[in-house]
Structures are given as structure tokens and as C-alpha cells.
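The next block holds one structure in the form of C-alpha cells; read it before the comments.
Bear in mind that the values in this text are calculations on the coordinates, not laboratory data. Everything quoted here is computed from the prediction, not taken from an experiment. Using ideal geometry, Cβ is built from the backbone for each residue, glycine included, and neighbour counts are taken over all protein chains shown.
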Ligand code: HMG
């Protein structure tokens, strides 16, 4: 009999601050309708100077360790495209901050926003080989574009942590997957740059082609039909992208593409991304959290996932909600993670955007800003120093 493997627990964290799109619009003279309706974003998380992908990841994962312990975790896979080191995996810092067992492998994965889905699929393979182990999958990113660029309104930051194992309490992940890879330069960040480069319209087209490609492969692999899905969790660089992608898929399948059909399929998945912004690897799983926190009982229903990472790689797969999943949700914690953020003025946001650790090393203490459980205290001798608050 095949094992039931999937997401046993899911927890997320985001940045200390929030910039409202009304504040950005007042600064750059944009009609707020472009942000609220055109791209479907209301606000974006902004990390404090003493937060990064490690502090957000540890904050996301700590409640999972508190609930389940870390004894069965033998692998940590950390997916990110805002990596802090060319050699050391960010997950090693998280492993230390969480006090996980030393008998554990820790690795970092990268392929733009798609990385966390690769991590989830690899985790499932590891659990299938050794069903006694659990894998901690972490997706953590800070999305940063140049000030006053078209991408600026789609920034954001968040980390999602997922515990993967047998007999999951939330979602059983199914075979097959639909896969798609194409060598495109729609969005990339060379090693010498802090902010990504992007060809906005090309990236939207590349995403839509990838969605179509994954669906085609998914169908050929014998996957479910569109009608079987209760909802669709798309990667959401901005929430309107989920609308575009779903309409594209419906159109490709010759289905009705009216607003109601699209809203019914994706509406509930956009609530967190709409106020957090693009969290790259974490985005599609924030969509899942938002759906589960708001939907009526979906026990036994299947959900579709479309994970897209620029460059590009994409995957379409399905998950089924298991009986009792609602007892394991973190709805209140999730609402608090969003509500606890402090709003910043445009000037404060700009200062945070321009802040960076010295690139030549040396001793540097970060300003104490975060009220979260972990902070990046500074850098000394080219080493990042983390603290538990
Ligand atoms: P832009 O070019 O400034 O915006 O930036 P626009 O002129 O295309 O307008 C956007 C929408 O707002 C349009 O709607 C306008 O009509 C509408 P659409 O035609 O698309 O339906 N609009 C209005 N609506 C209501 N009231 C108004 C109004 N004015 C205009 N007054 C763009 C948009 C997305 C290109 C830009 O933000 C950008 O470059 N973002 C970054 C790239 C991105 O997010 N790409 C998405 C696909 S790639 C991806 O998802 C991967 C990624 O996450 C990275 C990774 O994988 O690592 C990015």
C-alpha cells in the first residue's frame, strides 16, 4: 500500500514593518486603483534592519518545533533566492537557533520562487525512503526591487515552514506532478546585485507559458481534471497574477473564464499575499495557509498547486485535505503575524530599503528594531551573529 505523505504542519512569519500601498502611491503619484485593483496589492511587509531570511525562517519554524519537537527531523531543506552566503546554507543557522539534533542534514536550494516546491518534493522522496523521519522544509525570502521601479510595488517578505512526514495532519501530496522548464531571462539577480532585474511583461508571459506547460504535462501524466479541484493555489508575485494564470488555464482548457469562475477558484488564496507582498519561495504556501484559514471544511477535497520560479521552472501538483485538518491550523497565529507589523512612513521605508550590512566585512552592529523572537545582531570578522531575544 502506498504511504500517505505530505504537510503535517505549516507556520509562517513575516517582517516587522508594513508599507501601505496608499503611502507608496502618495509618494509616486500613482492612482491607487493600479495597486489595489490592477495588481491586487494593499500593502507589503518590510523587514527590520536586524531581520533577514534566517530570522524570519526561525520565527516561522519555532512554533512547529514547539508543537512536535525536533527529534524526528533528520533533514532541513531551506529554499531561498535571497541567499546570505555563497557557501554556507542559511538553514544551518536556523538549525542552531532552534536547537535541532546534530544527526541532521541541512541544505539550501535555489531556483527562484520555485525552490520551496522542489524542497517539498525532495522531502517527500526522503520520507518515502525512511518513513520514520520528518523533514523541515523552509521557504524564506525578501523581495527587493529598485526604488521607483515598476517592480517596487510588488516587494514583500515572509517565511513559511512546513513539517513533512507520513500520515500528515493537513495535506496529503499526490502524484503525479506536471513539470516545465524553459531557459528565459524574465527575472534574475546576478551575484553582484542586491535588487533583482526584471522584464515585467516578459515575466508575466513566461509565467503563463509555464502554467500551460505544467498543465499539459500533468494531464499527460494522468492527473486529475480541472473540475476535481476545490481551489487553486498559485505562486502570487502580486495577487492579480493568480487571476491571470487561472483565466489562462481555463481558456486553454476551453472553459468559462468569467470573473465568478476565477474568483471561486482562487479568491480565498490571495488574502495573505495581498497584504504581505511577494515572498518568492513562500508565496504559494501562504496561498495555501490563507485558503485553509478561511474556507469551509474541505476534508477529502483536492487542491491544485502551481509553483513558478523565473528563469524558469514550474510544477503543477495536487494535495488532498485529510480528515481533522482544521484542528491543526494556525489561524490565530497567522492573523497575529500580519496584524503585529508596524506601519512605516515613506521616509522610514526608504531608509530601510537603503540599509545594508557593510560589504567589506568589519565589525558592525545592526540597529535593534525587531520585536520578533530572533534577530541578526550584526557582523564581526565576516561572520553573521544571530541572537534569540
Ligand atoms: P507596470 O508595468 O508598472 O504596470 O508593472 P502595468 O502598466 O502593466 O499595470 C498593471 C495593471 O494595472 C494592468 O492590468 C493595468 O491595466 C492596471 P492588466 O492589464 O495587467 O490586467 N491598471 C489599473 N487598474 C485599475 N486602476 C488604475 C490602473 N492603472 C493601471 N488606475 C509589473 C506591472 C507586474 C510588470 C511590475 O510590477 C513588475 O515588473 N513586477 C515584478 C515582476 C513580476 O512580479 N512578474 C510576475 C511574473 S514572474 C514571477 O512570478 C516570478 C517572480 O516572483 C520572481 C521569481 O520567480 O523569483 C517575480
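Based only on other Cβ atoms within 10 Å, what is the fewest-to-most ordering of 143, 356, 302?
Working: 143 25, 356 8, 302 17.
Ranking 143, 356, 302 by Cβ neighbours within 10 Å, fewest first, gives 356, 302, 143.
Using per-residue counts of other Cβ atoms within 10 Å, averaged over each peptide, order 5-11, 49-55, 253-259 from highest down. Write down the numbers at each step before the final one.
Details: 5-11: 23.7, 49-55: 25.9, 253-259: 11.0.
The peptides rank, most packed first, as 49-55, 5-11, 253-259.
Could you check what % of the DSSP bridge pairs in the range 5-388 are antiparallel, to the nearest 5?
Working: 50 of 69 bridges.
Counting DSSP beta bridges with both partners in the range 5-388, the antiparallel share is about 70 percent.
Past the 17 angstrom mark, what percentage of all C-alpha to C-alpha distances in the range 227-305 do you count?
Details: 1220 of 3081 pairs.
So the pairs more than 17 Å apart make up 40 percent of the total in the range 227-305.
Once fully extended, how much extra length lies between residue 167 and residue 348, figured as 0.36 nm per residue of separation less the alpha-carbon to alpha-carbon distance? It would help to have the intermediate numbers written out before the result.
Numbers: separation 181, 0.36 × 181 = 65.16 nm, distance 4.61 nm.
Separation in residues times 0.36 nm, less the Cα-Cα distance, equals 60.5 nm.
Using a Förster distance of 41 Å, how high is the FRET efficiency between residue 383 and residue 37, based on the Cβ-Cβ distance and rounded to 0.05? Show your work: numbers first, answer last.
Numbers: r = 46 Å, r/R0 = 1.12.
Once the sixth-power term is evaluated, E becomes 0.35.
Let me know the Kirkwood hydrodynamic radius for the range 163-263, please, with Cα pairs as the basis and the value in Å to one decimal. Before the final figure, lay out the partial values.
Numbers: mean 1/r = 0.0635 Å⁻¹.
Evaluated over the range 163-263, this radius sits at 15.7 Å.
Averaging over all projection directions, find the projected area of the Cα convex hull of the chain and quote it in nm² with one decimal place. Can you show the working numbers first?
Working: hull surface 72.4 nm².
Taking the Cα atoms of the chain, their convex hull projects to 18.1 nm² on average.
Fewest Cβ neighbours within 10 Å first, please rank 36, 353 accordingly. Working shown, then result.
Working: 36 15, 353 18.
Ascending Cβ contact count within 10 Å gives the list 36, 353.
Provide the FRET efficiency to the nearest 0.05 for the residue 365-residue 146 pair, computing r from the beta carbons and using R0 = 22 Å. It would help to have the intermediate numbers written out before the result.
Details: r = 27 Å, r/R0 = 1.24.
For residue 365 and residue 146, the calculated efficiency is 0.20.
Can you put 388, 219 in order of Cβ neighbours within 10 angstrom, beginning with the fewest?
On the way: 388 12, 219 16.
Least to most surrounded, the residues fall as 388, 219.
Treating each Cα of the range 252-389 as an identical point scatterer and ignoring solvent, apply the Debye formula and state log10 I(q)/I(0) at q = 0.09, 0.19 Å⁻¹.
-0.45, -1.25
Within 10 Å, count the other beta carbons around each residue, average over each peptide in 373-385, 21-33, and list them highest first. Spell out each step's value before the answer.
Details: 373-385: 16.5, 21-33: 14.0.
In decreasing order of mean packing, 373-385, 21-33 become 373-385, 21-33.
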